[in-house]
Amino acid sequence: MLLTDTQINAVAKAYISDNDFGGFGSELSMWKFYNLLTGSNKSSYIDSFLDRAYNATELATGINAALHGDERYRWFID
């Protein structure tokens with residue numbers, strides 16, 4: 001995972017307090033999760049922005065695959 005601890009904190013804060021995401025609980029879609037990840041990535045310098053944006057995509061699709069039974073990504077949610 002290429003996001004920094006500050007960016008992960010921004011994801012958690014946005015999930016709880018942001019009007020667009022807060023209060024969704026277990027109903028958070030992978031698209032909304034991806035938007036939280038890429039939103040926190042906006043503070044990255046250009047040299048790491050693309051790598052982190054790609055990594056956010058891989059993380060969101062990996063968690064989605066795990067939720068749908070793909071054993072390769074099962075460790076994300078176990």
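Look through E27, E58 and report the one residue that is modelled with pLDDT of 80 or more and open to solvent by 50 Å² or more (accessible area, probe 1.4 Å).
Of the residues listed, the single one that is modelled with pLDDT of 80 or more and open to solvent by 50 Å² or more (accessible area, probe 1.4 Å) is E58.
From the list I16, I63, exactly one residue is of a type in the set (A, V, I, L, M), modelled with pLDDT of 75 or more and surrounded by 15 or more Cβ atoms within 10 Å (Cβ to Cβ). Which is it?
The conditions single out I63.
Restricting to region 57-76, and then to whatever is among the acidic types (D, E) and part of a helix (DSSP H, G or I), can you tell me which residue is nearest to N41 (Cα to Cα)?
The residue in question is E58.
The values are calculated or read from the model by the stated rules, or taken from the named source; none is laboratory data. Remember, predicted model here, so these are calculated numbers, not experimental data. Every residue, glycine among them, receives a Cβ derived from its backbone with ideal geometry; neighbour counts consider all protein chains shown. For accessibility, only protein heavy atoms count, side chains too; no ligands or nucleic acids. Shrake-Rupley method; radii C 1.70, N 1.55, O 1.52, S 1.80 Å.
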